[in-house]
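In what follows, a structure is listed as structure tokens, so that the remarks can point back to it.
The values are calculated or read from the model by the stated rules, or taken from the named source; none is laboratory data. None of the values given here were measured: they were computed from a predicted structure. For neighbour counting, all protein chains shown are included, and Cβ atoms are generated from backbone atoms with ideal geometry for every residue, glycine included. Note: accessible area is taken over every heavy atom of the protein model, side chains too, but ligands, DNA and RNA are not part of it. Shrake-Rupley method; radii C 1.70, N 1.55, O 1.52, S 1.80 Å.
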Amino acid sequence: MEDSRSARAALGVELARSAGEIARRWFDTSALTVEQKQDGSPVTQADRDIETHIRAAVAEHFPADGFLGEEFGETTGTSDYRWIVDPIDGTKSFVHGVPLYANLIALEEDDDVVFGVINLPSADILMHAERGKGCWKNGERVHVSDRTDLDGAYVMATWLEDWHSDTIVDLHAAGAVLRTWGDAYGYMMVASGQADAVVDYTTQIYDLAPMPVIIEEAGGTFTSLDGARDYNSGNGIATNGALHDSVLKIVNQG
């Protein structure tokens, strides 16, 4: 396989599809066993099988690349590239039969994410973006919404337990519609113009690594909650760009 960014991006799309096939097999079976990690979050054999599969394929095709996965940690590489993988984003949705879980793959080049995939296998949605080449959903190029007013804007959240009550009140007062269609699904909705913003107060690097390139290639803005272009700050916000400052101001209180 050609040793280039685009070759890696092509492999990333292929691996997202095969990861989705593994996830669907587990999702559709009653034999899934759920365990608790030390931090209290759930993990399944599906998570481990998918990450093992992706790691093996990357090691075969690009053995010099680094790899960071949620389940098995980091393997240091010697090239300019590092893969960041969340085998199943939204494991709580996955184990409860909600088809909004995702396989997430990101590719860093010199510490900047240049490619990302959100694959929602049970929703039959695959979104990917490579730096400078646009954002694509099921083969069609997509773009963020053109909404400029919070009145009527759809703001996504993964959950509301870590939201300040005044933030919710102020968003509603501004006319925004707050919905918990979160995890990677919320970012997919923003990138495709189906929603206008998504806010996460509590995240890991695996949750957000694909989002900067996906959102930016769709014409939107992604930052941490302090406004930095950083996907490893433990939080994140993505918007259509026009609403970024307005949403950021409201969600930063409390």
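Annotation note: of SER192, SER145, the sole residue that is open to solvent by 20 Å² or more (accessible area, probe 1.4 Å), over 25 Å from ILE88 (Cα atoms), within 19 Å of the chain's Cα centre (by Cα) and modelled with pLDDT of 95 or more is SER145. Would the stretch 172-182 turn up any residue that is assigned to a helix (DSSP H, G or I) and free of Cβ contacts under 8 Å to residues at least 40 places away in the same chain? Yes, because at least one residue in the stretch 172-182 is assigned to a helix (DSSP H, G or I) and free of Cβ contacts under 8 Å to residues at least 40 places away in the same chain. Within the stretch 214-254, if we keep just the residues that are free of Cβ contacts under 8 Å to residues at least 24 places away in the same chain and part of a strand (DSSP E or B), the residue that is most open to solvent (accessible area, probe 1.4 Å) turns out to be THR221. Of the residues making up the stretch 84-107, those that are in a strand (DSSP E or B) and under 16 Å from ASP47 (Cα atoms) number 10.
If a residue has to be surrounded by fewer than 18 Cβ atoms within 10 Å (Cβ to Cβ) and in contact with a strand residue (DSSP E or B) (Cβ under 9 Å, 6 or more places away or on another chain) to count, how many in the stretch 50-67 make the cut? Going through the stretch 50-67 one residue at a time, the tally reaches 4.
When the residues of the stretch 195-204 are filtered to those that are in contact with an Asp or Glu (Cβ under 9 Å, 6 or more places away or on another chain) and over 19 Å from ALA176 (Cβ atoms), which remaining residue is least open to solvent (accessible area, probe 1.4 Å)? Filtering first and then ranking leaves THR202. Selection of the stretch 150-162 for residues being over 30 Å from VAL13 (Cβ atoms), in contact (Cβ under 8 Å) with a residue 40 or more places away in the chain and open to solvent by 10 Å² or more (accessible area, probe 1.4 Å) yields LEU150, ASP162. Give the residue, chosen from GLU108, GLU140, that is under 15 Å from the mean Cα position of the chain (by Cα) and over 30 Å from THR29 (Cα atoms). None of the others qualify; the one that does is GLU108. For the stretch 233-254, check the following and say yes or no: at least one residue is closer than 16 Å to ALA106 by Cβ and touching a strand residue (DSSP E or B) at 6+ places or on another chain (Cβ under 8 Å). Yes, there is a match, as at least one residue in the stretch 233-254 is closer than 16 Å to ALA106 by Cβ and touching a strand residue (DSSP E or B) at 6+ places or on another chain (Cβ under 8 Å). The residue list VAL155, VAL199, VAL169 contains one member that is assigned to a strand (DSSP E or B) and either over 13 Å from the mean Cα position of the chain (by Cα) or not hydrophobic (A, V, I, L, M, F, W, C) (or both), which is VAL155.
In the stretch 44-92, of all residues being under 16 Å from VAL117 (Cα atoms) and among the acidic types (Asp, Glu), the one that is modelled with the lowest pLDDT corresponds to GLU70.
Within the stretch 9-43, the only residue that satisfies the criterion of being at pLDDT 90 or above and either hydroxyl-bearing (Ser, Thr, Tyr) or assigned to a loop (DSSP other than H, G, I, E, B) (or both) is SER18. Out of the residues in the stretch 163-189 that are among the hydrophobic types (A, V, I, L, M, F, W, C) and surrounded by fewer than 19 Cβ atoms within 10 Å (Cβ to Cβ), state the one that is nearest to GLU217 (Cα to Cα). Out of the qualifying residues, it is TRP181.
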